Structure formats: C-alpha cells, structure tokens
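The values are calculated or read from the model by the stated rules, or taken from the named source; none is laboratory data. Fair warning: this is a prediction, and the values are worked out from it, not measured in the lab. So basically every Cβ, Gly included, is an ideal-geometry build from the backbone, and we count neighbours across all protein chains shown. The accessibility values were calculated without ligands, DNA or RNA, using every heavy atom of the protein model including side chains. Shrake-Rupley method; radii C 1.70, N 1.55, O 1.52, S 1.80 Å.
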Amino acid sequence: MKTSRRAFLKLSALTASVFTVSKSKATNMVLENSKKNIKPIVMSTWRFGIQANAAAWEFLSKNGTALDAVEAGVKIPEGDPNERSVGLGGRPDRDGRVTLDACIMDHLGNIGSVACLENIVHPISVARAVMEKTPHVMIVGGGALDFALSQGFKKENLLTPESEAEWKEWLKKSEYKPKVNIENHDTIGMIALDANGNLSGACTTSGMAFKMHGRVGDSPIIGAGLFVDNEVGAATATGHGEEVIRIAGCHTVVELMRQGLSPQEACKKAVERIIVSAKNRNKPLNELQIGFIAINKKGEHGAYCLQKGFNYAVYSPEINNQLIDAASLM
Ligand code: ASP
C-alpha cells in the first residue's frame, strides 16, 4: 500500500492526470489509508466559525444530521449585524444594495443555491428551500426574492447604518480594491460529518464589498465555493471568488482527496492551481487571498491558503472548537 500510494502521489503531481484514477479504486485508497474515524466533526472558515460551530454542534452532538447542523451553524453570522461580510449588515455593492449568495449540499448530492438575493436575512435557508421544494438547483435575483417571500421568509432591510456609512465613504473615491484578508469580504463556509458518517456543507456571504451590482462570486456555485461527495469528503472556500471559480475550486479539492491526498494536501494543490492560473494572467499574487478547508470521509481535516492570515474553526470529539491558523503558501 505504501509503495502504491507514493507512486500515486507522484502521478497526482502531473496536473493533467489529476482526474484519471477510477472512482472505486480511489475510494478504496481513502478507506485503506484510514487509521482514525473521527465523527462527528464540523469545520468552518474564519473566526466567526467558532460561534457557528457551536450552533452546529448542538445538532451533531445529539445525533443530528450534518445538513441541519451546517444550516443552523451558518445562520449565526448571517443573523449578526456585526458580522459585516455575511447576511444582515453585510457590506453593500457599489449601488448601496446588500446582495447575498449562498448554497447548501447534502450527502445524497441534493443541492440548492441562491445568488444576488436581497432583503432576506437567511439566504442559506432559502437555498435549502430551493433544494427541497423546487425542481431547480439555483434561483437568482428578483426570482430568488419572490421565491423566498412565497415560502414565508420576511422582507427586511439588510443595510445597517454602519454598512451604509462605509458605502458613502467608499463612494468618495469609488475604487474597487478588494483587500487580502478580513477587511471587506469573507464568507462562512461550513462542512460537517455527522455521527452516521454523512457529510454536508453550507456556504453564505455578502460577497466582495462594493462589487458591481449583480456580481456573483464562488460562494453560491456548487463545485466552486462548496462541494460534497459522501464517498470521499467535503470542501468549502473563501477569498477572491473569481479565482476559485476559474479552477472549480472545491470540486478540485474533493477530487484530489478521492485520489488519496489528505485534506491539507488537496487544499494545497488547489491553491497551487490558482497560482498557476493567476500567473498565466499576470495577476499579482499579493492582491489575492484564497483559503480552502476540507474534511474527508474518515473525519480528518485540513486547510490551506495563499497568504498568511486565514484561520478556521474545528469542533470534534478531539478538538474542542478551536481556531486554527491555516498553513499558507506565501
Ligand atoms: N468568496 C467570496 C466572494 O468572492 C468572498 C470571500 O470569501 O472573501 O464573494
């Protein structure tokens, strides 16, 4: 097994061959490598992940489903007006409109997503309603709002006085320069493995502050900002969404885990892909931040980011809801 794994890792360094190992063989690799079986476990992006994990743990510790856990978890920063990059009080676009993106995915491959949704505090629950109550997977803009209202969600003003004041200040120069870490964006992405061994994930954000109206990032796009494969693992992303979309980031992380890479190795390889892509387009790396987090089917977790400064929260029987600094490439 050791030899074949080494040979495999060599193979996976060749990016062209990265998706070539057959699913059943690769899944066996993951299972054969299994030393531990850690569950339940929940993991989420940034420091607001601590409170979000605590809410998710309420479900996970009582044999609840990963799906219920991740929805409940990310609703915490969504509803908090002091968290300025998610939900209520999120920073607006350049027209002063708070537009929200969110998606959710369960262990069966059910997915739901909303993008550019206004006036609803919990876009993640609208995404779940899209998943459970419509024949579609993604509804955007006015259609998403109409759908939310039809489902009983309440229309609310999401632009808090603080966010409005910042927007007015921004208008003076009107320069769109997304910063690298926490200042003017940041998404909560959460992934969980429940006691029954099922994975789910949720991802929600107000996106890049002062973006063009109608801009959609990676966060509501299944495969980019979030991906779950119940045979292999789950991943979610934060950072410059345009870069994550370019490499179908979270799908890439999960496929790399399928081929036997650990969660951290898989996240690192995905970050390296982004670097290659950015370099090809002469995009300065110091203007970018990307962070991936991942859990595999064994309950092992890992993360990786481009620049120093990205952290994530983990809660499991072994790790009592801790904030951890991600390893970084730069
Ligand atoms: N990924 C989000 C977006 O591009 C922002 C972030 O996570 O920082 O909208």
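With runs of 4+ DSSP H residues as the only contributors, calculate the mean residue ellipticity of the chain at 222 nm using -39,500 (n - 2.57) per run, divided by the residue total and rounded to the nearest 500. That comes out to -11000 deg cm²/dmol. Using only side-chain charges placed at the Cβ, +1 for Lys and Arg and -1 for Asp and Glu, the dipole size of the chain relative to its Cα centre rounds to 1200 debye.
Computed over the stretch 82-216, relative contact order equals 38 percent, with contacts defined as Cα pairs under 8 Å that lie 6+ residues apart. Taking amide hydrogens as placed 1.01 Å from N in the peptide plane, the amide H of residue 210 sits under 5 Å from those of 93, 94, each at least 5 positions away in sequence or on another chain.
Charged side chains reduced to their Cβ positions (Lys and Arg at +1, Asp and Glu at -1) give the stretch 126-271 a dipole of some 280 debye around its Cα centre. Across the chain, Cα pairs under 8 Å and at least six residues apart give a relative contact order of 23 percent. Counting only Cα atoms, the size of the chain along its three principal axes is 60, 47, 37 Å, in decreasing order.
With a Förster radius of 22 Å applied to the beta-carbon distance between residue 63 and residue 110, the computed FRET efficiency rounds to 0.60. The residue among 176, 44, 227 whose Cα reaches farthest toward the positive pole of the charge dipole of the chain, with charges on the beta-carbon of Lys, Arg, Asp and Glu, is 227. The C-alpha atoms of the chain define a longest principal axis, and helix 123-133 lies at about 70 degrees to it. Taking every C-alpha pair closer than 8 Å and separated by at least 6 residues, the mean separation divided by the residue count of the stretch 177-271 gives a relative contact order of 23 percent. Estimated from the Cβ-Cβ distance and a Förster radius of 25 angstrom, the FRET efficiency linking residue 231 and residue 36 is about 0.90.
Seen from residue 252, the other residues with C-beta closer than 15 Å to its C-beta sum to a net charge of -1, counting Lys and Arg as +1 and Asp and Glu as -1. Only protein atoms count toward the accessible area here, which uses a 1.4 Å probe; on the stretch 100-152, the carbon and sulfur part of that area reaches 54 percent. Look at the dipole of the chain built from charges on Cβ: of 114, 196, 245, the Cα furthest out on the positive end belongs to 245. Tilt of helix 263-280 relative to the longest C-alpha principal axis of the chain, in degrees (0 to 90, nearest 10)? The two axes meet at around 60 degrees. If you plug the beta carbon distance of residue 97 and residue 324 into 1/(1 + (r/R0)^6) with R0 = 35 Å, you get a FRET efficiency near 0.50.
Neighbours of residue 66, meaning other residues whose beta-carbon lies under 14 angstrom from its beta-carbon, give a summed charge of -2 when Lys and Arg score +1 and Asp and Glu score -1. When both the stretch 47-72 and the stretch 104-176 are represented by their alpha-carbon centers, they are found 21 Å apart. Dipole check for the stretch 201-276: with +1 at the C-beta of Lys and Arg, -1 at the C-beta of Asp and Glu, and the Cα centre as origin, the magnitude is about 200 Debye. Take residue 82 and residue 179, extend 7 Å from each Cα along the Cα→Cβ direction, and tell me the distance between the two endpoints in nm. That separation, rounded to one decimal, is 1.8 nm.
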